[in-house]
Structures are given as C-alpha cells and as structure tokens.
1. Among (1) out of contact with any Ser or Thr (no Cβ under 7 Å at 6 or more places or on another chain); (2) buried (at least 21 other Cβ atoms within 10 Å of the Cβ); (3) outside any loop (DSSP other than H, G, I, E, B), where does Gln232 come up short?
2. From the set of residues in region 8-37 that are farther than 21 Å from Ile159 by Cα and of a type in the set (A, V, I, L, M), which is surrounded by the fewest Cβ atoms within 10 Å (Cβ to Cβ)?
3. Among the listed residues Ile201, Ile222, Ile205, Ile172, which satisfies the condition of being in contact with a strand residue (DSSP E or B) (Cβ under 7 Å, 6 or more places away or on another chain) and either hydrophobic (A, V, I, L, M, F, W, C) or modelled with pLDDT of 95 or more (or both)?
4. Within the group Leu73, Leu50, Leu82, Leu63, which residue is modelled with pLDDT of 95 or more and farther than 26 Å from Glu147 by Cα?
5. Looking at region 42-93 only, could you name the residues that are in contact (Cβ under 8 Å) with a residue 40 or more places away in the chain, surrounded by fewer than 16 Cβ atoms within 10 Å (Cβ to Cβ) and polar (S, T, N, Q)?
6. Mind telling me which of the residues Ile264, Ile281, Ile245, Ile271 ends up being under 22 Å from the mean Cα position of the chain (by Cα) and either of a type in the set (Asp, Glu) or not assigned by TED's automatic domain parsing to the domain that holds Ser367 (or both)?
7. Given the criterion closer than 22 Å to Gln224 by Cα, of a type in the set (Lys, Arg) and surrounded by fewer than 20 Cβ atoms within 10 Å (Cβ to Cβ), identify the matching residue among Lys331, Lys359, Lys346, Lys341.
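The values are calculated or read from the model by the stated rules, or taken from the named source; none is laboratory data. Remember, it's a predicted structure, so these values are computed and weren't measured experimentally. Note: ideal-geometry Cβ built from the backbone for every residue, glycine included; neighbour counts use all protein chains shown.
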Amino acid sequence: MKTRNFVYDIILSPEDVCNLKKEQSILKKKVLLGGKLLVYGRRNTGKTSLIESIVIPEFNNNLKNCFIFHTDLLGVKDMEDLSLRLFRAFERAFEKAFPKKIIFQKMLDIIKGLRPEIAMDQQGTISVSIGGWSVNSKKPQLEKIFEQLRNLEKAGVNILVVLDEFQDVHFIKGADAMLRNEIQHLSARTSVILLGSKKHILSKIFTSHGSPFFNWGEPVEISQIDYKEYQQYMNERFARKSLKISLENSTYLQNLMQRIPEPINIVCAQILELIDSGQEISKKHVDEALEQVLSARKGKMEEYLSHFTESEVEVMIAIAKAGKVTQPSGKNFTRQIKASKPAISKIVNNFLNEAVLYKDQEFYELSDPLLTHHIKVYR
C-alpha cells in the first residue's frame, strides 16, 4: 500500500482530498448535466482542490470538445480588473482546449462562428485576441467574453464556467447584475460553478430578495469533516513511520486548528518530523509540533501583522485571546480596546470583508487558527 504525505499550500490530488464523498458525488453528476451550482465553505477547506482535481477531470473525461472557463476573483478591484481576469481565463481555456498540435483550419472548423484573431509563435504557442482587443488591451469588455462563450456553445463545445471566490464581485458596483445577466443567457447545457468562502457576503448575494443572484443555483456546502474520518486520514499518513493517533487526540488537534484541513495538515506534517517511529501520538506531541510550527512562522506572522494599524491589531489580539467572540460590539469586548465602539465596528466589518475574521451564526473568530495561536504565544 502506497503511503502518502500531509499535503498543504498546493492543490490536492484526488487521493489527498479528505472525505467530501457526498459533495464529490453531487458535483460530478451535476457538472455533466448543465448544473448551476453554488459551492461554499470556509477558506482552506478543500473547495478549489475538489473542483480542480476531481470535478474538472470528470467533465473533461466524459464529454468531448470541452472548454474550461475558470478564474479566481479573490480581491478583484473594479470592472476593468474583473473583465481582465475573465479575458485571461478565456485565453487560458482557449489554449488548453485547442492545443498547438491541432492545425488552425481544424480548430476553426470546430468553433464555427467564433472569429478570434489567432497567432502562433515559433514554439507553437497560441495567443488569442477577440474582437480587436487582447490581454494587453486597457479595457476588455465583459459582455464580449460571454458573447464568445455563447458562440462556442452554438458550435457544440461543452463549457464549464468556474468562478472562484465569487463573493468579491459584490464590492464592484453593478458587477453582480451584469454577471447574472450574462450567465442566465448561457445555454442550459453549460455548467456553472460559483465558489465562495465569505459567508456573510454570500448571504447578501444569494439570499437577499433584491439581489440579482437571489435564489440562484443549487447550494453545495463544504462542511466540517467528521472527526473519525479525519483520524483515519491522519493514521493512513502517519503509517509511514508506524505512528498512530487516537480519536481523542485527533479531535484535540482538529479543534486546535478550527477543523480546517490546511492548518491541520501543517501540524500533522510537523508531527511526522518531530516524533520517532512506532509511537502513539499524544496531546503533548501535538502541542510540541504546534509550538515548532509557530516558531518557524513567527517572522512571517509578525510581517503580516505589521500591515495593520494599532487599533486593528488590538482587535485581532482581543479576538484571538478570547478564541471566539459572540458580540464584538458588546461592552465586555470593546472595553479591552482603546478605539471607539464605531471604530471597532468598522474594523470588524472590514476584517469580515477581507477574510481576516470568520463569522458563524453564533460567533466571530480569526480565520487563520495559526495566527490565533501565534498571537496567544507571542503577543
């Protein structure tokens, strides 16, 4: 049996995605049937890996003439930035769908009705220009990009649209209405997946009656992984050194990392380096591994904190030391901070929008558990 490592900071292979079997089944089925899907969950919980390593290959392997229109909208600034990202996604998708080994004439036969300007360099790399503008144009137009997608649909090309961190378009005036209009005019057989991680913004976009995306699509939540499932996942990887972790101690580790896979895997990888073969992993081992992770990342964390104002750091420290806060506007919280209550409310709102904070129905906490523990130890 092949042993595997704890993987983080990259897109996971299908074998390294922990559980998510139900979500995989839904997405793999719907993506072949023109599904319109909203996939949401906390950051670093495996959403992007699930789509890129499992769902997109399923689409490519089961359909012919596939065109994967995929981009990340995290931090998108304005309409020009949005259009540019979408154009680059079109350019990448075009080059992958119609590689250099296909002669131009055959390619153009496949995409009847699409009239891009196509160039090939001496190495055979294709570049694309549409309607007189290219990736270097100052103002590529969003409508033209979707017009070309519809031309591809008419030519019989199977299209999958994937827009990651979609909620950030909410900050661009008129962008959500424009995208809703363009998406609804795509063919019924074109699959669309919108991914998001900022729950409070997604709620405004998809559950507010006045929103263009009100009640759009089928929601698929990437929820917390079952404790026992993650314990099994850990032990499969600890087996390379004949290590084993109990359900109790695995649960302890998972809770320390807010049940988020990425930081869990970081600590588990450190445990593999820390402990000699053949041992039962204890809570002390977990704490020692976390201490080493924090020590190695201290400079990086302090550099991150240096980009915030004194008041912002005070808010972060207060939330980190509390662990979870139910009312950041309440007296018990605000009296710990020098800033005024309106200033604190503004900071909290900005932190939510920037994913520094995570808000559940009942509490607020820092989105990054490693930052929480860094603050507890070093601040």
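1. (2)
2. So the residue we want is Ile10.
3. When all the criteria are applied, what remains is Ile222.
4. Result: Leu50 is the single residue among Leu73, Leu50, Leu82, Leu63 that is modelled with pLDDT of 95 or more and farther than 26 Å from Glu147 by Cα.
5. Residue satisfying the conditions is Asn65 alone.
6. Every option except Ile264 fails the conditions.
7. None of the others qualify; the one that does is Lys359.
Every residue, every condition in (1) under 29 Å from Leu357 (Cα atoms); (2) assigned to a loop (DSSP other than H, G, I, E, B), yes or no:
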site	(1), (2)
Leu253	yes, no
Gly278	no, yes
His285	yes, no
Val293	yes, no
His307	yes, yes
